[in-house]
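S.K.: Before I ask anything, let me first share the structure, which is written out below as structure tokens.
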Ligand SMILES: Cc1cc2nc3c(=O)[nH]c(=O)nc-3n(C[C@H](O)[C@H](O)[C@H](O)COP(=O)(O)OP(=O)(O)OC[C@H]3O[C@@H](n4cnc5c(N)ncnc54)[C@H](O)[C@@H]3O)c2cc1C
């Protein structure tokens, strides 16, 4: 990152963090709100901690109206930016495909889909396999073109295999959510950064070590760089520090209810071409009992840490193709044990059993993939933290009612790429004093001061991917 020789003595706003949250906030403040005088501080290169580790997927298919509204806004912004930039960030609307192999799973998929559609995510088209089934249009592959939206629920196993011939033969129901797809998150981030810079924002390398508050207002930040601490006077501070938002908030005396889960991702070279090139993001909605060999079973049973892998492993294994028809790449995920931890730890260890478990999970979705179980592959595995609030809704708004000029855009969990672009707009609008849409109140940090909200937390669905 090109660091300027010196920091400005004063600026209109400082954003801590150049991940998707900080860059989206900078873009809205500089490009949309016209704030010319803005500094983004990051101790790492932009987009290099969590935002470049994502699966780069997005959806509007949530069981929660505020999340539907938020992601719908992001998707509208994606469409606008893709059209204006000549699709600079390879947006597509290939969809998500949720699969189940049990009749109970099919009933649950339908129930959940009805709830999500009723919450505003779009029309639910049910395909029982009758002659008068609704029409189904295949997505325009890897294109940024909006499809029909909503979702198609297929309940006829034969039709499912006709549409998606690579899925396991026992699949009973498949939900194809259409307001979903993926993109190049890195390119999106660079677009935000370039346009924000063009509008006057500056990115500087350094570690934010303090935020000065005078008479209840943000007055300055202190940044460590090159062995010195430099001060920038500013009336406005945005905490977009990703897994470190709680640590940064603590510097202002604010405690945030955030926990962190380590999520890993496998970047796989499907050299045998066993996974479909033109698949949606495919998600297995059932728990999986892995068919380990006798020898593997004996080995796993010996260690109390690995013995649970012999039992049912929770649902959620998923994969998607990466790249076009000529590519062999795929991204595979199954974060089957994600015990929350109070503070993120870097670097983190990667469980050597993660890969064998994920390969077996993907083979449950697409059985042809089992050919890799014997091939001793060593694909690239990386990951990062889902930093989450108890009900898995992000924090977008004033950091504390007691500190004027301090804001937060954080706790973006597993949905930062799909939430931050709109969340940055909500934050910039609040900073400008514009009224919030009613649903956006669900994201204010002040919600935890409302005893009725806190009492209802347990009942809120977390809807995580
Ligand atoms: C395996 C995996 C898969 C995922 N898949 C998806 C997906 O498909 N779709 C989706 O929408 N989301 C997904 N996510 C979630 C998404 O990646 C995150 O929600 C998002 O990247 C968080 O962005 P952020 O800007 O808040 O944090 P980060 O990207 O971590 O950025 C925070 C920045 O703050 C900087 N910083 C922190 N403290 C300081 C300090 N004191 N001084 C200076 N700089 C500081 C850090 O250096 C960092 O650059 C996934 C995440 C993981 C781990």
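S.K.: Given R₀ = 51 Å, FRET efficiency for residue 337-residue 214 by Cβ-Cβ distance, to 0.05?
M.R.: Plugging the Cβ-Cβ distance into 1/(1 + (r/R0)^6) gives 0.65.
S.K.: Remind me, relative contact order of the chain in percent, using alpha carbon pairs under 8 angstrom and six or more residues apart? Mind showing how you got there, number by number?
M.R.: Numbers: 994 pairs, mean separation 102.7, N = 465.
Result for the chain is 22 percent.
S.K.: Here's another thing I want to ask about it. Grab the DSSP H runs of the chain that are 4 residues or longer, score each as -39,500 (n - 2.57), total them, divide by all residues and round the 222 nm result to the nearest 500 deg cm²/dmol.
M.R.: Values: 10 runs with 112 residues, N = 465.
The helix contribution divided over the chain gives -7500 deg cm²/dmol.
S.K.: Still on this model: As a footprinting exposure proxy, order 427, 444 by other Cβ within 10 Å, with the fewest listed first.
M.R.: In order of increasing Cβ crowding within 10 Å: 444, 427.
S.K.: Next question. Among 125, 360, 93, 217, rank each residue by its count of other Cβ atoms within 10 Å, from fewest to most, as a rough exposure measure.
M.R.: 217, 125, 360, 93
S.K.: If I fit a long axis through the Cα atoms of helix 185-198 and take the longest principal axis of the Cα atoms of the chain, what angle between them do I get, 0 to 90°, rounded to 10?
M.R.: Rounded to the nearest ten degrees, it is 20.
S.K.: Ok, one more. Between residue 88 and residue 115, 0.36 nm times their residue separation minus their Cα-Cα distance comes to what?
M.R.: 6.3 nm
S.K.: Using mean Cβ contacts within 10 Å as the protection proxy, how do 66-78, 255-267, 431-443, 409-421 order, highest first? Walk me through the numbers before you get to the answer.
M.R.: Values: 66-78: 21.6, 255-267: 18.7, 431-443: 14.5, 409-421: 28.0.
For the peptides 66-78, 255-267, 431-443, 409-421, the packing ranking is 409-421, 66-78, 255-267, 431-443.
S.K.: Multiply the residue gap between residue 307 and residue 136 by 0.36 nm, knock off their C-alpha separation, and tell me the result in nm, one decimal place.
M.R.: Taking 0.36 nm per residue and subtracting the Cα distance, the gain is 57.2 nm.
S.K.: So, in nm, how far is label residue 126 from label residue 348 when the simple model puts each one 7 Å beyond its Cα toward the Cβ?
M.R.: According to this spin-label approximation, the distance is 4.0 nm.
S.K.: If you rank 328, 198 by fewest surrounding Cβ atoms within 10 Å, what's the result? Walk me through the numbers on the way to the answer.
M.R.: On the way: 328 16, 198 10.
Placing the least packed residue first, the sequence is 198, 328.
S.K.: Taking each pair of distinct Cα atoms in segment 166-274 once, what is the resulting Kirkwood hydrodynamic radius in Å?
M.R.: Hydrodynamic radius (Kirkwood, Cα only) of segment 166-274 equals 19.0 Å.
S.K.: Okay, next question. Provide the FRET efficiency to the nearest 0.05 for the residue 44-residue 453 pair, computing r from the beta carbons and using R0 = 41 Å.
M.R.: It comes to 0.75.
S.K.: While we're on this one: Work out the FRET efficiency for residue 436 and residue 378 from their Cβ-Cβ distance, taking R0 = 60 Å, and round it to the nearest 0.05.
M.R.: So, using R0 = 60 Å, E works out to roughly 0.80.
S.K.: While we're here: Need the full-extension length gain, residue 168 to residue 65, defined as separation in residues times 0.36 nm minus the C-alpha distance. One decimal, nm. Walk me through the intermediate numbers first.
M.R.: Details: separation 103, 0.36 × 103 = 37.08 nm, distance 3.25 nm.
Going from the current span to full extension adds 33.8 nm.
S.K.: With the Cα gyration tensor of the chain in hand, convert its eigenvalues to equivalent ellipsoid semi-axes via √(5λ) and list them largest first in whole Å.
M.R.: Numbers: eigenvalues 304, 122, 93 Å².
That gives 39, 25, 22 Å for the three semi-axes.
S.K.: Still on this structure, I have one more. Taking only Cα atoms, what is the 0 to 90° angle, nearest 10, from helix 65-85's long axis to the longest principal axis of the chain?
M.R.: Here the helix axis deviates by roughly 80 degrees.
No lab work stands behind these numbers, since they all come straight from the coordinates. Owing to the predicted nature of the structure, the values given are computational and were not obtained by experimental measurement. So basically every Cβ, Gly included, is an ideal-geometry build from the backbone, and we count neighbours across all protein chains shown.
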